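What follows is one structure encoded as structure tokens, with my remarks underneath.
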Amino acid sequence: MIFRQLFDSESSTYTYLLGDEATRQAVLIDPVLEQVDRDLQLVSELDLTLTHVFDTHVHADHVTASGVLRERTQATVVGGAGGASCANVQVRHGDEVRVGQLVFQVLATPGHTDDSVSYFIGDRVFTGDALLIRGNGRTDFQNGNADQLYDSLTRVLFSLPDDTLVYPGHDYKGRTVTSIAEEKRHNPRVAGKSREEFIQIMDNLHLPKPRKIDIAVPANRACGHLTPSPQGA
């Protein structure tokens with residue numbers, strides 16, 4: 001499997017490129033609109049064909065590149081059920097998505113948003129904003145729900161093998177990867193915390209709203225377009 005981790009410095013977003021060495025088919029997970037040319041250049045340099053774009057959820061801090069990438073490559077856009085209606089495929093817990101010979105298992109991990117999903121393959125999981133490195137996504141907008149997120153973390157993600165590598169949607173401290181075992185032991189919001197303690201923590205973060213939320217959320221519900229095209233792209 002070909003694997004690359006890419007970074008957008010403005011939003012501290014990680015984008016992931018995974019490619020199947022046999023078929024040369026590839027997927028971009030959580031691409032950022034401003035990084036389309038960079039990402040497509042890398043796809044070309046690695047002699048890959050972009051066949052899929054996965055979004056983990058409707059983002060509030062950046063605009064997805066999924067719609068533009070679909071226009072330029074005819075890639076299939078995949079997102080969680082209840083999220084962007086413009087996605088070609090809306091996935092639910094237990095679904096599988098194949099990219100060449102790569103098989104991704106969909107895990108429903110709502111709580112940060114109600115459409116949040118994670119993508120699990122082999123020894124790694126791509127968690128979007130559900131599980132971050134020593135943290136997790138906030139729950140105070142976009143139908144966020146701390147009670148729901150606690151279940152997503154403790155019952156879904158923490159049930160994966162301990163050595164599973166966790167690749168999050170963001171990091172603001174320069175960290176690139178963690179593991180399920182690390183987060184079970186060291187995540188200050190959930191490790192050793194009861195459901196009630198977790199909810200209390202999440203209810204008292206008092207974070208400023210994301211700077212781009214008023215632009216990003218409606219755009220991302222349209223796969224990165226402020227106004228959907230007649231084709232729904």
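The values are calculated or read from the model by the stated rules, or taken from the named source; none is laboratory data. These figures come from a predicted structure and were not determined experimentally. For neighbour counting, all protein chains shown are included, and Cβ atoms are generated from backbone atoms with ideal geometry for every residue, glycine included. Side chains included, ligands, DNA and RNA excluded: accessible areas come from the protein's heavy atoms. Shrake-Rupley method; radii C 1.70, N 1.55, O 1.52, S 1.80 Å.
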Give a residue-ordered list of calculated ³J(HN,Hα) values for the range 145-151 (Karplus: 6.51 cos²θ - 1.76 cosθ + 1.60, θ = phi - 60°; whole Hz; x for Gly, Pro).
8, 5, 4, 5, 5, 4, 5
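Quote the FRET efficiency, to the nearest 0.05, computed for Asn204 versus Lys173 with a Förster distance R0 of 22 Å and r equal to the Cβ-Cβ distance. Spell out each step's value before the answer.
Working: r = 21 Å, r/R0 = 0.97.
Given R0 = 22 Å and the Cβ-Cβ separation, E is 0.55.
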Looking at the range 132-181 from every direction and averaging, what is the projected area of its Cα convex hull in nm²?
3.7
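Based on the alpha carbons, how large is the Rg to Rh ratio for the range 1-106 when Rh follows Kirkwood? Kindly include the intermediate steps, with their values, before the conclusion.
Working: Rg = 12.8 Å, Rh = 13.7 Å.
Over the Cα atoms of the range 1-106, Rg/Rh equals 0.93.
Starting from the Cα-Cα distance between Asp140 and Gln74, subtract it from 0.36 nm times their residue separation and give me the gain in nm to one decimal. Show your work: numbers first, answer last.
Details: separation 66, 0.36 × 66 = 23.76 nm, distance 3.49 nm.
Gain on stretching Asp140 to Gln74: 20.3 nm.
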How high is the relative contact order of the chain, in percent, with contacts defined as C-alpha pairs under 8 Å that are six or more residues apart?
18
At a threshold of 8 angstrom on Cα-Cα distance, excluding pairs fewer than six apart, so keeping six or more, what relative contact order does the range 87-218 reach in percent?
19
Springs between alpha-carbon pairs under 10 angstrom, Gaussian network model over the chain: which of Asp39, Asp203, Asp114 fluctuates most?
Asp203
Amide H of Gly128 versus every other amide H placed in the peptide plane: which residues, excluding those fewer than 5 positions away on the same chain, fall under 5 Å?
Gly169
Summing -39500 (n - 2.57) over the DSSP H runs of n ≥ 4 in the chain and dividing by its residue number, what mean residue ellipticity at 222 nm do you reach, to the nearest 500 deg cm²/dmol?
-5500 deg cm²/dmol
Could you pull the Rg and Dmax for the range 54-156, using just the Cα atoms, both in Å?
13.4, 40
For the chain, the accessible surface attributable to carbon and sulfur atoms (probe 1.4 angstrom, ligands and nucleic acids excluded) amounts in percent to 47
